[in-house]
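Some notes on the structure that comes next.
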Amino acid sequence: MIMTHNAPQHKEIFEVLDSLLSRESAFSLDKDFLKKGEITSKHREKLVEWLIEVADDANFSARTKNLAIGYVDTFLQRVVVPLNRLQLAGATALMVAVKMNESVTLTTDDIAQLAGGNYNAEQVADAELFLCRKLEFQLTPPSADEFAALILAFLDFGAKAKSMLRHAENFIELIRADYNTSTLLPSETAVTAVFCAVDRLLDWNLVCQVRRAIEGLNIANMVNDLPLCFLTSTRLPLWMPEGQFMSS
């Protein structure tokens, strides 16, 4: 069931959304944030794929992965990183994200091992402090997975809710991994991912109803354009058999 009326529980959703929206622009990325230095979009793509693989192997949450990718991108926008230090930056970003969002921790020795022994624990510790300083210790930015969860809570898909969120999180990963769409704001990423998930799991007759409901949230003026932006930039066909999202 898709709820489009103002149920009492929606008040809290609106309040949280307003708070996230008021903060997200402070963490925005330039469209060409990799223009400086030797790091290319291909280098970044490989790093993000590696971060997601490591996080998935450890069963870390979507929030943790989003934080790590966000830390990396903001860091790359603010610092000219040598190519031989890119993996160190990514691994350190994951360590900080785990500290912020998981019940377990990754030590500097763990990170040095994950990076294939290319760096030692002391280098990792130094990199962590440098990363946090460049991020100005703003380590809890609004995240696309937060927006997606709130949007889906507002829509209320009942028994389909968990499946819908899981698919939306998969699309968020794809959007964040693609340099062409990585600069979308978290709210924009979330709306795009939710539409893609809805299109994937529901019949077309319900898509317009979902569109109207999301418009009621007043998140942004991009409901008509963002899914097209993602569909035209991604290399992934959206109409894949069940269970093949991340295996291609």
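Scanning segment 178-193 for residues that are surrounded by fewer than 22 Cβ atoms within 10 Å (Cβ to Cβ) and either part of a helix (DSSP H, G or I) or touching a His at 6+ places or on another chain (Cβ under 9 Å) (or both) yields a total of 0. Only residues that are over 26 Å from Lys35 (Cα atoms), crowded, with 18+ Cβ neighbours inside 10 Å and free of Cβ contacts under 8 Å to residues at least 40 places away in the same chain were counted across segment 55-94, and they come to 2. For segment 33-129, the helices (runs of 4 or more DSSP H) that sit wholly inside it and include 3 or more residues that are of a type in the set (Asp, Glu) and closer than 21 Å to Ala177 by Cβ are 41-57.
Given Leu135, Leu152, Leu165, Leu184, which one is within 18 Å of the chain's Cα centre (by Cα), modelled with pLDDT of 75 or more and under 17 Å from Ser61 (Cα atoms)? Only one candidate qualifies: Leu165.
In segment 194-205, which residue that is surrounded by fewer than 20 Cβ atoms within 10 Å (Cβ to Cβ) and more than 30 Å from Lys42 (Cβ to Cβ) is modelled with the highest pLDDT? Ranking the candidates gives Leu201 first.
Conditions tested, residue by residue: (1) out of contact with any Cys (no Cβ under 8 Å at 6 or more places or on another chain); (2) among the acidic types (Asp, Glu); (3) open to solvent by 60 Å² or more (accessible area, probe 1.4 Å).
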| site | (1), (2), (3) |
| --- | --- |
| Arg23 | yes, no, yes |
| Phe27 | yes, no, no |
| Glu38 | yes, yes, yes |
| Lys46 | yes, no, yes |
| Glu53 | yes, yes, yes |
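The values are calculated or read from the model by the stated rules, or taken from the named source; none is laboratory data. What you see is a predicted model, and the numbers here were worked out from it, not measured in a lab. Glycine also receives a Cβ, built like all others from the backbone with ideal geometry; neighbour counts cover every protein chain displayed. Ligands, DNA and RNA are stripped out before the accessible areas are found, and what is left, the full protein with its side chains, is counted by its heavy atoms. Shrake-Rupley method; radii C 1.70, N 1.55, O 1.52, S 1.80 Å.
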